[in-house]
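A.B. asks: I am attaching a structure below and will ask some questions about it afterwards.
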Amino acid sequence: TEENESFTENFPTDGENKNVEEQYADYSGAQVFSVKLKSSEHKRMFQQLEDRELIDVWLHKRSKKRSRAEFMVLRENMQEVLSLFYEADIQPKIVIPNMQRLIEKEKKAETLTNSTLRSGHGMNWNEYHRYSTIHSFLLHYANAYPDICTLKTIGKTVENRDIQMLKISSGGNENKTAIFIDGGMHAREWITPAAVTYIIKELVDNRAKYRSFVDDVDFHIVPLVNVDGYEYSHTRDRLWRKNRADLWGPCNGVDLNRNFGYKWGTSGSSFIGCSQIYRGSAGFSEPESKAIRDYIMESTANFQAYLSFHSYGQLILYPYGYANNELPSDADDLKRLGNAAASAVRKLSKTRYTVGNSAEVLYRSSGASDDWAKGEAGIKYSYVIELSDTGKYGFMLPERLIKPTAADALEIVKVVADEVMGLY
Ligand code: ARG
Ligand code: ZN
């Protein structure tokens, strides 16, 4: 049973841990580059740089023969990395010349707006917010609209924070057609909890306008899966990706999107704790991925779609990602609906989304939640949606682009909801 938590509306304090500034990871001298990898030697060489953790891969997109990759290089690795590219006759292009300056610019904008007094739940889509504000926002909606919104804690993070799920339902039976949506699985992808909370707000505030599907489809929404990592990316390290698992050894964190227990550990993930794509000690070793699994498996809802929001790249990806040429038998349906969503977005805002199988468009990676949702939970329309942009700012998407990006995300949800209503 789901119950709204009782609460007194609390005013957010986005500045929790105000005095940690001096411990904030310093990216002075770090730069982000883009390269084209034209041959298999180039790709192998690039893979080695990733394996040796000399680079942090931000995006690696394949198309036909050549692939394009974006990655960050820290100051201490710069010489070695650049000379290896030079030897291989590859010319990296600079995308972000001064990582630290960009981080500081973002922080400054944040303190300016966050210091102005906000009323109510404090949420808006002009700026990125801390967990406490997202929490207040969810509580506010659950409290203000108890007839359609139910808030539930579906689990605890490694550091004992609540993982929250808001269900939007116009009522009816417990096994209604439903869509599961999540965001914030990767800490640094700040646009995703912003976009997913925007989706909540729009669906609820405009439920009359969206009646055609809000009446017939339930939405189970987790705007922020990786709460610990997200907070850490605000207080300590802007580019943190993983959760905050306390590992034995020098490095912390498990990549939650390599920790789902379907074809876990088969490819495109690492068994080394320091890796950005560390898969954990076993499938579902982490409380955050487990919370999602348990919730979906224990629910009586008839889930017909699973949408996991990530950034960046403007991609609508469908399974499977764990191996090459492993398509579900209904891949044509997933492709068709993906294309329909992409066209709707294009019509709305001119933003171009690429649709395709994730192993084909990106790279192989096993243990991702979309593969699990499709292969194990049997949810038909399972997608990873990589929101804006395509590389100009990457994870550092400026706050003025939150609203337009979130509107694109909502458009995708609308197309998917239209498709699945009435599916049994
Ligand atoms: N950028 C996402 C990640 O690295 C892509 C996941 C794609 N899905 C998949 N099953 N491999 O986690
Ligand atoms: Zn991601």
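A.B. asks: Using only the Cα atoms of the range 200-284, build the gyration tensor, take square roots of its eigenvalues as a ≥ b ≥ c, and label the shape rounded, prolate or oblate: rounded if a/c is under 1.5, else prolate if a/b is larger than b/c, else oblate. Let's see the in-between values first.
C.D. replies: On the way: a/c = 4.12, a/b = 1.96, b/c = 2.10.
Oblate, since a/c reaches 1.5 and b/c is not below a/b.
A.B. asks: Please identify the cysteines of the chain that lack any partner cysteine with a Cβ under 4.7 Å from their own Cβ.
C.D. replies: Flagged as lacking a Cys partner: 149.
A.B. asks: So between residue 272 and residue 45, what do we pick up on full extension, going 0.36 nm a residue minus the alpha carbon distance? Don't skip to the end; give the middle numbers.
C.D. replies: Details: separation 227, 0.36 × 227 = 81.72 nm, distance 1.94 nm.
Residue separation times 0.36 nm, minus the Cα-Cα distance, leaves 79.8 nm.
A.B. asks: Using DSSP, restrict attention to beta bridges with both residues in the chain and report what percent are antiparallel, rounded to the nearest 5.
C.D. replies: Among the beta bridges of the chain, antiparallel pairing accounts for roughly 55 percent.
A.B. asks: Let me make sure I get this right: for the range 97-201, a, b and c are the square roots of the gyration tensor eigenvalues over alpha carbons, sorted descending. Under 1.5 in a/c it's rounded, otherwise prolate if a/b > b/c, else oblate. Which is it? Don't skip to the answer; put the middle values down first.
C.D. replies: Values: a/c = 2.33, a/b = 1.78, b/c = 1.31.
Prolate.
A.B. asks: Pull up all non-local amide H partners of residue 25: gap of 5 or more, or a different chain, and H-to-H distance under 5 Å with H placed in the peptide plane.
C.D. replies: Placed amide hydrogens put 237, 238 under 5 Å from residue 25.
A.B. asks: Note the full-extension length gain between residue 282 and residue 64 as 0.36 nm times their separation in residues minus their Cα-Cα distance, in nm to one decimal. Before the final figure, lay out each step's value.
C.D. replies: Working: separation 218, 0.36 × 218 = 78.48 nm, distance 3.38 nm.
Answer, rounded to one decimal: 75.1 nm.
A.B. asks: Given the options 106, 41, 231, which has the most mean-square fluctuation in a GNM of the chain, springs set between C-alpha atoms less than 10 angstrom apart?
C.D. replies: Sorting by GNM fluctuation, first place goes to 41.
A.B. asks: Could I ask something else about it? For a footprinting-style exposure proxy, rank 317, 401, 102, 166 by other Cβ within 10 Å, fewest first.
C.D. replies: Numbers: 317 27, 401 16, 102 20, 166 24.
Lowest count first: 401, 102, 166, 317.
A.B. asks: In the range 159-307, if every C-alpha pair distance is counted and binned at 10 Å from zero, what percent goes to each bin?
C.D. replies: Cα pair-distance distribution for the range 159-307, in percent: 11, 37, 32, 16, 4, 0.
A.B. asks: Can you tell me which of 326-332, 268-274 comes out highest on packing, and rank the rest after it, using the mean Cβ neighbours within 10 Å? Could you put the intermediate results ahead of the total?
C.D. replies: Details: 326-332: 13.0, 268-274: 16.0.
Ranked from most to least packed, the peptides come out as 268-274, 326-332.
A.B. asks: Could you put 413, 225, 204 in order, starting from the residue whose Cβ has the fewest other Cβ atoms within 10 Å?
C.D. replies: Working: 413 26, 225 32, 204 18.
Going from least to most buried by this count: 204, 413, 225.
A.B. asks: If I model a spin label as a point 7 Å beyond the Cα along the Cα-Cβ vector, how far apart are those points for residue 333 and residue 100 in nm?
C.D. replies: 5.3 nm
A.B. asks: Going by C-beta contacts inside 10 Å, put 42, 310 in order with the fewest on the left.
C.D. replies: Numbers: 42 19, 310 23.
Starting with the residue having the fewest Cβ neighbours, the order is 42, 310.
A.B. asks: Leaving out same-chain residues fewer than 8 places away, which lysines sit with a Cα under 26 Å from that of residue 108?
C.D. replies: Partners within reach: 18, 242, 392, 403.
A.B. asks: Continuing with this model, one more query. Kirkwood hydrodynamic radius of the chain from all distinct Cα pairs, in Å?
C.D. replies: Every distinct Cα pair counted, the radius reaches 21.8 Å.
A.B. asks: Compute the distance in nm between two label points, each set 7 Å from the Cα along the Cα-to-Cβ direction, one at residue 156 and one at residue 36.
C.D. replies: 5.3 nm
A.B. asks: Another question, if that's okay. Estimate the FRET efficiency between residue 87 and residue 325 by the formula 1/(1 + (r/R0)^6), using the beta-carbon distance for r and 25 Å for R0, to the nearest 0.05. Could you put the intermediate results ahead of the total?
C.D. replies: Values: r = 33 Å, r/R0 = 1.32.
Given R0 = 25 Å and the Cβ-Cβ separation, E is 0.15.
A.B. asks: Show that you can apply the helix-only estimate: for the chain, add -39,500 (n - 2.57) for every DSSP H stretch of four or more residues, divide by all residues, and state [θ] at 222 nm to the nearest 500.
C.D. replies: Values: 12 runs with 145 residues, N = 424.
Calculated from helices alone, the mean residue ellipticity at 222 nm is -10500 deg cm²/dmol.
Since every read-out is calculated from the coordinates, none of them should be taken as a lab result. Here the structure is a predicted model, which is why all the values come from computation and not from measurement. Please note: Cβ atoms are built from the backbone with ideal geometry, for glycine as well, and neighbour counts cover all protein chains shown.
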